[in-house]
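No lab work stands behind these numbers, since they all come straight from the coordinates. Please read all numbers here as calculations on a predicted model, not as lab measurements. A quick note on method: Cβ atoms are made from the backbone with ideal geometry, for glycine too, and the neighbour counts reach across all protein chains shown.
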Amino acid sequence: MSSRDTMAHLFACFDTMYSVVGDAAPTFTNDAFVVRTYESARAFGGVALAFREYLVDVPEGRLAPLEDALRHAQAGDDSGAMMLYALAMVVGPRVLVSLRDARDQVAFDEGALTVLTLASQVLIQEILRVGDVSRGRAPIEDPRWQEDAQELATRLDQSGNAESFGISR
């Protein structure tokens, strides 16, 4: 994968998160989760913009397995807890691995490394903020919810995205 292709792929990851999480936010019933998803979407949109500015001319693109996982999370829980779980525990870590692996692809491009650093920092920050909003809440004991949560990871594993979203070392 070329340096530009790598950066365009990661742009698609953040643009997908921005779009899907932002679209989902007003559908949730838990006010704290609504705010958190809006703020996460805004942060992901900022990163997508940084990728767009770096790439200059990049077509809109969605990453289908990522979009599928987030849409499944949205449908799995009206409160927004499943979406936040997906961001912090399923999707976020895979995007972080993709960002780490991308550093090898763009090692000699300071502009690309700057965008990758920003993306990593924002994603880690959003994962931690999901933890903050979830802290002190009782675990969700509903077996159906737990099965749906497990299904998120299983779907990504089966689509070939067990560890990352398509960038390998």
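Points to keep in mind about this one:
- Gyration tensor over alpha-carbon atoms, the stretch 6-103, equivalent ellipsoid semi-axes in Å: 23, 14, 11
- Per-bin percent of Cα-Cα distances, the chain [10 Å]: 11, 42, 34, 12, 2
- Relative to the Cα centre, the charge distribution of the chain, modelled as +1 at Lys and Arg Cβ and -1 at Asp and Glu Cβ, gives a dipole magnitude of about 280 debye.
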